[in-house]
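Here's the structure we're looking at; comments come further down.
What follows draws every value from the coordinates through simple rules; no lab data is involved. What you are looking at is a predicted structure, and each value in this text was computed from that prediction instead of being measured. Ideal geometry is used to build each Cβ from the backbone, glycine not excepted, and the neighbour counts take in all protein chains shown.
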Amino acid sequence: MSKSFELPENYKKWTMGLIGAGLIALLYGFIAFHPFEHAGHGENINSTRFWAVLLQNSVFFLLITNASMFFIGVTTLAMGGWQVALKRVPEAISSVVPVLGIITFVILMSIIWGGRTDIFHWVDPELYDPTSPKFDKILNGKKGFLNPVFFTVWSSVTIFLWWFIGRKMRSFSLESDASGPMDYETGKKWINKNILWASLFIVFFGLSVGSTIPWLWIMSIDAHWYSTMFSWYTFASSFVAGMSLIALYIVFLKNKGQLEYVTDEHLHDIGKFMFAFSVFWTYLWFSQYMLIWYANIPEETGYFKMRLQGPFRGIFFLNLVLNFVCPLLIFMKKSTKRNWTMVTFMAALIIFGHWIDFWQMVMPGTLGSHAALMPFEFGIAALFIGIIMWRVGVYLSSNPITAKNHPFLKESIIHHT
Amino acid sequence: MAGGIKKFVVGCFEDEAVLFPAVKNVRRAGYKIHDVYTPFPVHGLDHAMGLRETSLHTAGFIYGITGTTTALTCISWIFTKDWPLNIGGKPHFALPAWIPITFELTVLFAAVGMVLTFCYLCQLSPFVKKHHFHPRATDDLFVMAIECTEKTNEAEVTAFLEKAGAIEINTQHAETGWWIGRYDRVQKLYADTEKGY
């Protein structure tokens, strides 16, 4: 167990290949899409497309990697024992947060301070000037929350704290490797320390992913529209995709002969998370949709009018099929959740489905009917997947993959569903 | 009654850790375990006993989709054909508004159906007198009942159970079934490659 995990050549090749393909797409975007030209809404489609795609991918991949630390946080607070055998996998995935956090922050800042009114309509200062013909009463009422300074400060605080608390949690886990087996008293102290920091993370996670961050980063694209369900819906989306990412890495490592204590039982529980949170996502998606449909207030229905009538109609229903119908029908059976091939397939499907979900959150308000799902979009996604694979690979190959001194390891080894 | 009177050798165990190897050895020796009664659900005991996977969840799925279909057919017939009402200018076929009711009916059908199926499979119903092999099975004893066929040597089974660690062994006659087509547990033959305990 002390021998560290050697990354297979194939993995490195795929990582380099995806990052390479992504960089080519990015370079192509820089040259062909003129991203730094000023553009109002609908004036310079290519330029808008560049930033909209970057925004969608960076936010999506940042949120799904951050969901790993949320998973560690909740299982720590629940005094969970079953996940200990595979705990290093979500830890490794959460180590990507600082890298993607910085990338996301740079993209958001370029949009906000570059005055890109085509992405975030509300950054236009004239909207708040009562003498201007563009004066917007509704946005003026929201400016205490929706302004560039608060956006910048809160985004940087959020990304910093995700990184900082996440790093603390990872360092506790790694220090248990060095200290050797714990006796009762040390173990208790160590668990309490974990609980303290996990609860800090959860509280802050509620203030960020659970409420403000999706409002600022995604919902403010349609600045006039608001939904109090939106953040939970985004959270459910990112959490179920995050669990799928964990499942993919568990299958990968098990195939390479690592994670010796992980069995069908652990996979079954991960599968239950993926199944349950797919249904939870649908519940939130539907609650948001039905209330707006029922109340039929024009300023609210605008959001769904864009998606249900017009070019996004197909994507709107595809989203439901991929993220609700498929997981519900395929993952309902116990034998599917214990089948490593099926879990791999479903995990890939769910991640793709929620990527599409984020795509349809961002595109209608920015690009409208010019939105595309072309090699450029997939290329940028490949870039982010490559970055995740690279960071996770580094973490896995430089740290032991089983947390052998965790006081609850035995509970995980004998875990039986 | 359908099942008739059968003879059982009953062994009582005080500990799970003794029970599991005992179940394994009894099966390996080729005796037929009628059932094992435990004070609480014991994980993995069904596998150790070689019972097949329950089909209760398949039944649940069928009840569930029956509920879904019932709800959707009823509501759509009522609101589009039988008694169409104008509710807030919405179309008569107002699917989003029906989803909550469809969901509730799915859950109701699945839950009630599964409870009834469970009672049928376990042969439980009001006014049915079940034979208790040992009163302490609901308190702190693990009770294993081995069914005797005409070939079974009772003294041999008793000696076997004693060796396996049973603290109390006796022979009882009991009526097994009360229902036509009663559910007889299928027990797989013991194989050394079995997973689990």
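In table form, for the structure just shown:
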item: Angle in degrees between helix A:340-366 and the longest Cα principal axis of chain A, rounded to the nearest 10; result: 20 degrees
item: Distance in nm between pseudo-label sites at B:C74 and A:F36 (7 Å out along the Cβ direction from Cα); result: 6.6 nm
item: The stretch A:42-141: GluC sites (Glu not before Pro) falling in loop per DSSP and having at most 15 other Cβ within 10 Å; result: A:E43
item: Degrees between helix A:375-398 axis and first principal axis of chain A (Cα, 0 to 90, nearest 10); result: 30 degrees
item: Relative contact order of the stretch B:56-121, defined on C-alpha pairs under 8 angstrom at six or more residues apart (%); result: 57 percent
item: Fewest-first sequence of B:R52, B:R27, B:R136, A:R88 by Cβ atoms within 10 Å of each Cβ; result: B:R52, B:R136, B:R27, A:R88
item: 5 Å binning of all Cα-Cα separations within the stretch A:163-228, expressed as whole percents from 0 upward; result: 3, 14, 19, 15, 12, 10, 8, 7, 5, 4, 2, 0
item: Relative contact order (%) - chain B, alpha-carbon pairs under 8 angstrom, separation at least six; result: 53 percent
item: GNM top mover of A:V84, A:V392, A:V74 - chain A, alpha-carbon springs below 10 Å; result: A:V74
item: 17 Å cut-off, amide nitrogen to a point 7 angstrom out along A:K404 Cα→Cβ, residues in the stretch A:240-275; result: A:257-262
item: Cα Rg, Dmax (largest Cα-Cα span) when computed across the stretch B:1-104, Å; result: 25.7, 73
item: Out-of-range pairs (alpha-carbon distance over 28 Å; input A:K256/B:K188; A:K254/B:K24; A:K142/A:K193; A:K333/B:K7; A:K168/A:K410); result: A:K256/B:K188; A:K254/B:K24; A:K142/A:K193; A:K333/B:K7
item: Helix axis angle, B:154-164 relative to chain B longest principal axis, alpha carbon, degrees; result: 80 degrees
item: Sites A:F135 and B:I65, calculated FRET efficiency, Cβ-Cβ separation with R0 56 Å, nearest 0.05; result: 0.55
item: Which of A:M389, A:M374 has the fewest Cβ neighbours within 10 Å, and the rest in rising order; result: A:M374, A:M389
item: Other protein chain Cβ atoms within 10 Å, averaged over every residue that makes up B:97-108; result: 1
item: Hz values of 3J(HN,Hα) by residue in the stretch B:75-86 - Karplus curve (6.51, -1.76, 1.60), Gly and Pro given as x; result: 5, 5, 5, 4, 7, 10, 10, 6, 8, x, 10, 8
item: Percent of C-alpha pairs per 20 Å bin, the protein assembly as shown, short to long; result: 16, 41, 31, 11, 2, 0
item: Taking chain A and dividing mean pair separation by its residue count, relative contact order in percent (alpha carbons under 8 Å, at least six apart); result: 34 percent
item: Spacing of the two label points (7 Å from each Cα toward its C-beta) at B:E154 and A:V106, in nm; result: 8.6 nm
item: Descending principal axes extents, the stretch A:220-267, alpha-carbon based, whole Å; result: 52, 19, 9
item: Volume per residue that the Cα convex hull of the stretch A:58-187 spans, once the total is divided by residue count, Å³; result: 133 Å³
item: Shielding by partners - mean other protein chain Cβ count within 10 Å, residues of A:148-158; result: 0
item: Order of B:C12, A:C326 under a 10 Å beta carbon neighbour criterion, fewest first; result: A:C326, B:C12
item: A:V394 versus A:N192: modelled label distance in nm, points set 7 Å from Cα along the beta carbon direction; result: 3.6 nm
